[in-house]
1. First measure r as the distance between the Cβ atoms of Arg204 and Leu250, then evaluate 1/(1 + (r/R0)^6) with R0 = 22 Å and state the FRET efficiency to the nearest 0.05.
2. So for the range 51-90, taking the charge dipole from beta-carbon charges (+1 Lys/Arg, -1 Asp/Glu), which of Gln73, Pro57, Leu85 sits furthest toward the positive end?
3. Which one of Lys306, Lys15, Lys198 has the biggest mean-square fluctuation once the chain is modelled by GNM with Cα springs under 10 Å?
4. Starting from 0 in steps of 20 Å, tell me what percent of the Cα-Cα pairs of the chain lands in each bin.
5. Taking the beta-carbon count within 10 Å as an exposure proxy, list Glu33, Glu307 from fewest neighbours to most.
6. As a check on your grasp of the helix formula, calculate [θ] at 222 nm for the chain: sum -39500 (n - 2.57) over DSSP H runs of n ≥ 4, divide by the residue count, round to the nearest 500.
7. Quick check: the angle from helix 226-240's long axis to the longest principal axis of the chain, C-alpha only, nearest 10 degrees?
8. On a 0 to 90 degree scale, rounded to 10, what angle separates helix 131-142 from the longest Cα axis of the chain?
Amino acid sequence: MKILTVIGARPQIIKAAALSRAINKGFSDRVEEKILHTGQHYDANMSAVFFDEMGIPRPHFNLNTGSGKHGVQTAKMIAGIEEVLENETFDAIVLYGDTNSTIAGAVAASKLHLPIVHIEAGLRSFNMAMPEEINRIVCDNLSTVLFAPTQTAVDNLRREGFLSSKATFADGNRRHVFHSGDIMYDNSLYFARLADEKTDILRRLGLEDEKFVLATIHRDNNTDDPERLTAIAEALLEITERGYKIVLPLHPRTKKLLPQNLSEDDYRRITSNPDILIIPPVSFFEIIVLERHASLIMTDSGGLQKEAYFFRKPCLILRPETEWVEIVEQHAGIITDADKELIVRSFDEYIDTEPQFPPLFGDGHSAEFMLDKTLDIIGR
């Protein structure tokens, strides 16, 4: 079986590492993988460094799409992916998550009648104002093989009729849904053992004996809205008064919009506060070390919510909803949205609690399961 793996954003690069590793260790005689990088994340710290750290094969194709409006960026990706698929024969395309790279791959492959394998299928925020929600729903509907990371994701697909679908694809393929576990959990288990040896970020930031919170902000509804961004910034400032430092790796869009959408006074207070450590985007090993040693994680990232759970850290979710409802149901996280008072109150409550973290995301061998099932369904 010959597959084309499409990646474009940093989380997809990380997820792809688990699949590539599984192919190399146990499937190299049956699976040939080629990697296409759309260039959606083009900053070196957001992309290239991850290939170096995790030993992922360099992409065979790079579209160098860069940033832009959703429609323009997605259209460029569709055209580039379509050209690759027309010039070389593949048995399936593998797509991850819910980015513009995901929907572009789904549209291009479906028009050419190529089976689509969607990893992280069935996630739903039920917020159609999120571009990611649109992307994941479209990809699910175009996919032949859907790997759902949790039982909640399977239940979402069942309610939407995927498990009883009468849809047929090229060559008579029917739709298949599997509860696979989470491929990111595979990576977290594998790389956690190596992370402390690969980086000295705690020493460099002076955090070896410090209590600190890891915070990330990148979603456009937070960064582009001055009122929401101000509420989050003021919550961070108040949390530092509790005796905690805050590590804030800045996504490029957040770095650009922080001075634009905060008042001059709030921007000065954030950037001059010695207990708020504003740093560039970090590498995969660095983020693992920060997650493992933080007292609490605050984020609007879906990936970091899960990783907080993997490393048994309470999480404040800076969004009005979450796809990972299991985290909230286990009281391991709380949705605070961009509500300053709720953020601070939830911090005070969660910083002294010890949530339970039952195994919800598989056994750490999701990639092998996915390869086995894909070979059964699509393999030559």
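1. My answer for the efficiency is 0.85.
2. Result: Gln73, furthest along the dipole toward the positive end.
3. Taking springs between Cα atoms under 10 Å, the residue moving most is Lys198.
4. 29, 59, 13, 0
5. Glu33, Glu307
6. Mean residue ellipticity, 222 nm, calculated: -14000 deg cm²/dmol.
7. 60 degrees
8. 20 degrees
Values in this text are rule-based calculations from the coordinates and carry no lab data. Since the model is a prediction, treat every value here as computed from it, not as a measurement. Cβ atoms come from the backbone with ideal geometry, glycine included; neighbour counts cover every protein chain shown.
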